[in-house]
């Protein structure tokens, strides 16, 4: 019995010490699964990977609104959403945006209050929406979802721009030139 055990141990040790078979890993796929954008990592010649962090450079909704105001864009009312006030109930949930703001552009016709409908929720300003994300995977997932909504409901279509980990959506009532004003400021952040 002891001999069998010793032989079994030697066989296991020998098979465990043999050269491991190489495994092909798609670095781009693994990085995407980890929520990294292509500009957040670099594959070196030796196969090692360097990952850069954007934590210190993350855009916030407040940063974007301040930049729009500083550029002289016609920003009216601004609602910075919280997990309690987010109309989509997504803010801060896993896989969703971590910051959100809705803002009024004074060139966009705002909805008239409807006193016959009683609600505790404020009227949302029309102009644009800023959503910021923890990682590129969550941002791209949200962007794809919104694009699918546009396909089903073309009347809901908005201009959409991505910068860093932020998504800017603008009302389609704005002209292309007006939307371009926002895009230029947003992309400069």
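The values are calculated or read from the model by the stated rules, or taken from the named source; none is laboratory data. It should be emphasised that the depicted structure is a prediction, and the values quoted were computed from it without experimental measurement. Because the Cβ atoms are built from the backbone with ideal geometry, glycine has one as well, and the counts that use them run over all protein chains shown.
For residue 120, are the conditions met, namely being modelled with pLDDT under 95 and either closer than 21 Å to residue 156 by Cα or surrounded by 13 or more Cβ atoms within 10 Å (Cβ to Cβ) (or both)? So that I can check it myself, show each step before the final result.
Values: modelled with pLDDT under 95: yes; either closer than 21 Å to residue 156 by Cα or surrounded by 13 or more Cβ atoms within 10 Å (Cβ to Cβ) (or both): no.
When the stated conditions are applied, residue 120 does not pass them.
If you take the residues in segment 60-75 that are in a loop (DSSP other than H, G, I, E, B) and in contact with a helix residue (DSSP H, G or I) (Cβ under 8 Å, 6 or more places away or on another chain), which one is surrounded by the most Cβ atoms within 10 Å (Cβ to Cβ)?
Of the residues in segment 60-75, the ones in a loop (DSSP other than H, G, I, E, B) are 60, 71-74.
Remaining after also requiring in contact with a helix residue (DSSP H, G or I) (Cβ under 8 Å, 6 or more places away or on another chain): 71, 73.
Working: 71: 14, 73: 19.
The extreme case among them is 73.
Only residues that are assigned to a helix (DSSP H, G or I) and surrounded by fewer than 14 Cβ atoms within 10 Å (Cβ to Cβ): list them for segment 142-169, please.
The initial filter retains those residues of segment 142-169 that are assigned to a helix (DSSP H, G or I), namely 142-152, 154-156.
Scanning segment 142-169 gives 144, 145, 147, 148, 149, 151, 152, 154, 155, 156.
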